[in-house]
């Protein structure tokens, strides 16, 4: 559980992420990609029962959307796992996964990265 100190730190991270999204116009790109009709239909149709009724129905859509990410993960060649608790695991195994997924997400959204 994250206490209020962690919440304040995560709030700063969220603000920075949202600033980058706005700067790179990613939200606009996503909205333009799917169009108004999709979100309007989903918003009017879903509501309180969304999690109970709609989430299971989204499994095929989610699976389809995740395929690109799953393929990206399959292509990764991670360094051998170090002993439990070794900080090198973060640099050698966690960071490459995060970076690969982030690159794929931006690529799929048409965001050019340096």
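If you check 75, 81, which single one turns out to be exposed (fewer than 11 other Cβ atoms within 10 Å of the Cβ), touching a helix residue (DSSP H, G or I) at 6+ places or on another chain (Cβ under 9 Å), without any contact (Cβ under 8 Å) to a residue 40 or more places away in the chain and more than 22 Å from residue 33 (Cα to Cα)? Spell out how you get there, then give the answer.
Values: 81 fails: exposed (fewer than 11 other Cβ atoms within 10 Å of the Cβ).
Exactly one of 75, 81 is exposed (fewer than 11 other Cβ atoms within 10 Å of the Cβ), touching a helix residue (DSSP H, G or I) at 6+ places or on another chain (Cβ under 9 Å), without any contact (Cβ under 8 Å) to a residue 40 or more places away in the chain and more than 22 Å from residue 33 (Cα to Cα), namely 75.
Annotation note: Cβ proximity below 7 Å between a residue of segment 24-41 that is in contact (Cβ under 8 Å) with a residue 40 or more places away in the chain and a residue that is surrounded by 10 or more Cβ atoms within 10 Å (Cβ to Cβ) (sequence gap 6+ or interchain) occurs for 24/111; 26/109; 26/111; 29/109; 29/110; 30/109. Counting the residues of segment 47-95 that are at pLDDT below 90, closer than 24 Å to residue 108 by Cβ and assigned to a loop (DSSP other than H, G, I, E, B) gives 1.
Counting residues in segment 105-112 that are modelled with pLDDT under 85 and either touching a helix residue (DSSP H, G or I) at 6+ places or on another chain (Cβ under 9 Å) or not in a helix (DSSP H, G or I) (or both) gives one or more.
The values are calculated or read from the model by the stated rules, or taken from the named source; none is laboratory data. Only a predicted model underlies this, so the values are computations on that prediction, with no experimental measurement involved. Glycine also receives a Cβ, built like all others from the backbone with ideal geometry; neighbour counts cover every protein chain displayed.
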